[in-house]
Structures are given as structure tokens and as C-alpha cells.
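The values are calculated or read from the model by the stated rules, or taken from the named source; none is laboratory data. Values in this document were obtained by computation on a predicted structure and should not be read as measured data. Cβ atoms come from the backbone with ideal geometry, glycine included; neighbour counts cover every protein chain shown. With ligands, DNA and RNA removed, areas are computed over all heavy atoms of the protein, side chains included. Shrake-Rupley method; radii C 1.70, N 1.55, O 1.52, S 1.80 Å.
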Amino acid sequence: VTSFPVVGVVGGGQLARMMQPAAIGLGVRLRVLALEPDDSAAQVIPDVEIGDHRDVSALRQFAGRCDVVTFDHEHVPTEHLSVLHNEGVVLRPGPEALRHAQDKIVMRRRLTELGIPCPRWRVVHEVDEVADFARGLRSDEVVLKRPRGGYDGRGVWRVRPGDSLPAPGPLLAEEPVDFTRELAVLIARSPHGQAAAYPVVSSIQSDGICREVIAPAPSLLPDHAVSAQEIGLRIAGELGVVGILAVEMFDTAGGVLVNELAMRPHNSGHWTIEGAQTSQFEQHLRAVLDLPLGDTRAVAPYAVMVNVLGGTEKDVYGGYLHCMARDPALHIHAYGKEVRPGRKIGHVTALGSDLETTLSRARHAAAYLRGDDI
Ligand SMILES: Nc1ncnc2c1ncn2[C@@H]1O[C@H](COP(=O)(O)OP(=O)(O)OP(=O)(O)O)[C@@H](O)[C@H]1O
Ligand SMILES: [Mg+2]
């Protein structure tokens, strides 16, 4: 038993929670550093340490009892990561790579240097700079983003020239991209440099939150699919990512543009739990342990994942009877989180060969579980 490694996960959210079934299968031991004992992952991982990821000594103590440390989120301060790295802690991904998922300005600068297609952008500190940028774009709107700490669209705003800044600068200003849809590609990369790409998916967001993911992205031009995977693989290699890299993209008439990066399992990859030969959670563990990567191929023509967001129904479990009776092939996931409006509390996945049927199965179940009038 002692030869099996301990993987430490910083952060107790649903991503850490969903690594647990994969770890159980492999016989790998997970330890989690969670803020609260009832955090999503802390409920299901017995080896839990309660501590703050913003406290370097809590991180150090946690890391001391792990063979490898990985992450459920990108909120560990960059300077703490460097300290731990210099003390010999094995961080996967490492601080050099992770910076690009923590700071959207750092990410834009690096991708631009690498010649990777991005929306036009600049850094702004004041209203006049926003107006200048808008003028250069010939646009009456600009997208502004807080460089750090945003998620689910918090920290992303559309403003008009002359509007006051929604937050103190520096902010990342971007052209409003006229995309046909949003895509995401998941890449796994290991320390010895093996990399693998999953099929490109389409993701549907509203109010900045991911609602649905369809794998593979329906009727995606083959050129765009290949270039999305190539861009993902190139970024993973150039940045030295280890583990799962999610690249969110915009599909446009002129090709794909990179929106942002995440270096951990990602919402756009939940479909892989049942829909791919290797789930993103097992793949992440394989990659951070420097094991050979698993097969990324889909097991069905289509997989549709719909998030269950907190709605009017507090008793989500109460909806299981209907959903399971109606659709025995449906996969339901709940994260052990209390229902709050708009919060991601679970997801459902349906696999099928007909897209419309598969979509409506997954949409119906998610809507029912959240208590929508249907
Ligand atoms: N330049 C842009 N043009 C048009 N829409 C954009 C642009 N940037 C972001 N968006 C929209 O806002 C959403 C959220 O933006 P982004 O992914 O940068 O923020 P986030 O809060 O970090 O998201 P996440 O929840 O993925 O962490 C995008 O999915 C997209 O729908
Ligand atoms: Mg995003």
C-alpha cells in the first residue's frame, strides 16, 4: 500500500470531489485542503485538512504530507506557490504555468507573444483609455475584465466609452467578439511531455455561467476543430502545463480565438466522466503522477452535459424519482452543496446518437431538478 502516492488537492470544491471516484479506482490516495469541513470535497475525502489556501504555513504543512500537490481552483497566491516550489514541493501544474490561469493580463501578453489568436486587447487604468481603445476598434462597447479572481462571469463587464470603470485598474479591455458560439478544448499534459487532446466541445453560457456543453461541438468546421486542438496543445507545451488544461475559445467566421485558460479539470469536461474512454478527473491524476495518459476518445456520438444551477427547488433529491424513472440512462451528479440561486450544485449528462433527443433529455432533467415550471 505504501507505494501508492498521495495526491494533495488544494481547494474543496466539486472538482476535487469528482477526483475522488477516479482516485478510488486507481487506489491513489487523495488529501484535500479545504476551507470548511462541509465543503463539497471535504464531505467525501476522509483525508481532509481544514486550512486556508491564502496562508503559506497552512499550505506548507499540507504539502509536507503529499507526494504531489494539485489544485481545485486558481486562487492560491502566486507568491506562495513560488515559495513552496523553491522549498521543493512538487506542484503540478507549477507556478510558472499557473500564473497564466491566475491573471488574464499575464495570459493575454504571453499568448500574444506566442502568436496565438486572441481578441484584440489592451490594459486600461482609466476611462480615457477605454474610450481610446473603443475608438480604435470602431466599437461603441468594450469588454472589461478584472485580471484576477473572477469566475462565472463575475469580474466581466460590457461598458460604453465614457462609463466609469466598474473596478479599480489595471483592467483587461477586450474587443466584444462577435462569435458564432463558444468552444472549449481540454488538453492533458504530463511532466515528461506526453499530451492528449479531447474532442472540441461547444459550451453555452448565459450571464457568464456555463449552462450546457455538447461534445463534440455540432457541425464544427473540421479546420476549426483541428486548429482548436492544435492551439490547445501548443499552449500546454509552451507554458509547460501539467495536468488538465482547459482552453475556452470563441468560434468566429475567421477562425477560433482564445478566451481564457484554466489549469485543472473544468466544467466543459464533465461530460467525459461517462462520455469518454478516460474521464478528465482520472486523466488529471494520471498527468500529475506522470503516468501514461488515457484514451481521450468519446464513447458515444454525442454527450450533452447540463449544469444544475440553484433554482426554486430546495429538495434536489426529491427530483430523482421522476428523472430516473423517465430516463434510466441519464447520469445525475450532485455536489453536496446547499441550494443558492444561480450556484452550480450539480450536473446531468446524457449520451446518445441523436443530438436533439440527447439535448432534450439532459435539459429536461436539469430543469426538473432545479424546480423550473416544466
Ligand atoms: N471579448 C469578449 N467578447 C464577447 N464576449 C465575451 C468576451 N470575453 C468574455 N465574454 C463572455 O463572458 C463570459 C465570461 O468571460 P470569462 O470566461 O473571461 O470570465 P470568467 O468569469 O473568468 O469565466 P469562468 O466562469 O470561465 O471562469 C464568456 O464565456 C463569454 O460569454
Ligand atoms: Mg470563462
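Here are the numbers for this structure:
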| read-out | value |
| --- | --- |
| Label point distance in nm, Asp47-Glu87, each placed 7 Å from Cα along Cα→Cβ | 1.9 |
| Whole-percent pair-distance distribution, where bins are 5 Å wide, for the alpha carbons of the range 1-87 | 3, 16, 28, 26, 16, 9, 2 |
| Distant alpha-carbon pairs in the range 214-341 (separation over 24 angstrom), percent | 41 |
| Accessible area (Å², per residue) of the chain, counting only protein heavy atoms and a probe of 1.4 Å | 43 |
| Heavy-atom accessible surface of the range 217-355: percent carbon and sulfur, 1.4 Å | 53 |
| With 5 Å bins from 0: P(r) over the range 101-161, alpha-carbon pairs, percent | 4, 17, 26, 23, 22, 8, 0 |
| Cβ-placed point charges (K, R +1; D, E -1), dipole of the range 22-77 about Cα centre in debye, nearest 20 | 260 |
| Gain upon complete extension [Ile204, Glu96; 0.36 nm per residue less C-alpha separation] | 35.8 nm |
| Percent antiparallel among DSSP beta bridges (both partners in the chain, rounded to 5) | 80 |
| Gain on full stretching of the segment that runs from Asp295 to Ala329 - 0.36 nm per residue minus C-alpha separation | 10.0 nm |
| Spacing of the two label points (7 Å from each Cα toward its C-beta) at Ser360 and Val123, in nm | 5.2 |
| Carbon plus sulfur fraction of accessible area for the range 1-94, probe 1.4 Å, in percent | 53 |
| Rough spin-label spacing in nm, given labels placed 7 Å along Cα→Cβ, for His75 and Leu321 | 3.7 |
| All-pairs Cα distance distribution in the range 125-259, expressed in whole percent, bin size 10 Å | 12, 34, 34, 18, 3 |
| Radius, Kirkwood style, for the range 48-178 when every pair of distinct Cα atoms is counted (Å) | 16.6 |
| Sequence-distant lysines (8 or more away, or on other chains) whose Cα lies within less than 28 Å of Lys104 | Lys145, Lys344 |
| Largest-first principal axis extents, alpha carbons of the chain, Å | 61, 55, 39 |
